[in-house]
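K.L.:
Following this message is one structure expressed as C-alpha cells.
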Amino acid sequence: MTVQRRRLLQILSYALSVVPLRNRFAFAVQNPAPPANPAATAEAAAKHEMGKTEMEKVAGIGGLFFRAHDPGALGRWYLQHLGISLTPTSYDSPVWQQEAGPTVFSPFPETSGYFGDPHKVWMVNFRVRDLDKMVAQLRTAGIEVKIDPQSYPNGRFARLHDPEGNPIELWQPS
C-alpha cells in the first residue's frame, strides 16, 4: 500500500506542477461506491464536459475536526511541537494560516494498514519546508519519528503519532 500511496502522490505532485492554474484542483480520487442517482450524475457530467456549466469547486480544506480523549492537551501538543495554533476563543482572534501548496485527498480502503492501528480512521499529512529540521526538533522533545529512507520524485516523508496515537505523516515536497 505504501508504494501505491507514494505513486499517487508522485502523480498528483507532477500534475499540479504542469496543469494550468484554472484546472489545478480538477483532480479527484474516485470513490468506488456507486452514486445515489447514476442518471443525474451522468447528465451533470455530460453538461460539464460540453461546457454548458462550470462546476463549483471547493477552494481548500477549511478545518480538520476529530475526536480526542483530552482535546485541550492534544491541541497544546500540536501547538508546541508542530506550530499549529489552537482554535481561537473569539471571532476577532486569528486562526492558523497554512502555506499554499498541493493537498492530496485520498480515501483508503477500510482494511488498509497504512495508518497503523486499524482503529484509526484518519491520518493527516503536513507539508514541511525542512524535514530534517522538523524531525530533529521533534526528537529533541522526545517524540519518536521514523524517516522513510527512500526519496521519492515528489519529496521525502516521515511518520510519527500524536499523544493519542493518531498517525501523522510529514512531507517535504521536492
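K.L.:
If you go through region 142-152 one residue at a time, do you hit one that is in a loop (DSSP other than H, G, I, E, B), modelled with pLDDT under 95 and either out of contact with any Asp or Glu (no Cβ under 8 Å at 6 or more places or on another chain) or within 14 Å of Leu82 (Cβ to Cβ) (or both)?
P.N.:
yes
One line per residue, one yes/no per condition, for (1) surrounded by fewer than 16 Cβ atoms within 10 Å (Cβ to Cβ); (2) modelled with pLDDT under 95; (3) among the hydrophobic types (A, V, I, L, M, F, W, C):
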site	(1), (2), (3)
Pro107	yes, yes, no
Thr111	yes, yes, no
His119	yes, yes, no
Asp132	yes, no, no
Val135	no, no, yes
Ala158	no, no, yes
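K.L.:
Could I ask something else about it? What single numbered condition from (1) surrounded by 11 or more Cβ atoms within 10 Å (Cβ to Cβ); (2) among the small types (Gly, Ala, Ser); (3) under 17 Å from the mean Cα position of the chain (by Cα); (4) more than 14 Å from Leu170 (Cβ to Cβ) fails to hold for Gly83?
P.N.:
All conditions are met except number (4).
K.L.:
From the list Pro94, Pro163, Pro102, which one is surrounded by fewer than 15 Cβ atoms within 10 Å (Cβ to Cβ) and part of a loop (DSSP other than H, G, I, E, B)?
P.N.:
Pro94
K.L.:
For Leu160, all conditions in the list (1) in contact with a strand residue (DSSP E or B) (Cβ under 8 Å, 6 or more places away or on another chain); (2) farther than 24 Å from Gly75 by Cβ hold save one; what is the number of the exception?
P.N.:
(2)
The values are calculated or read from the model by the stated rules, or taken from the named source; none is laboratory data. The structure presented is a predicted model; accordingly, all values stated were derived computationally and were not measured. Note that each Cβ is placed from the backbone with ideal geometry, even for glycine, and that neighbours are counted across all protein chains shown.
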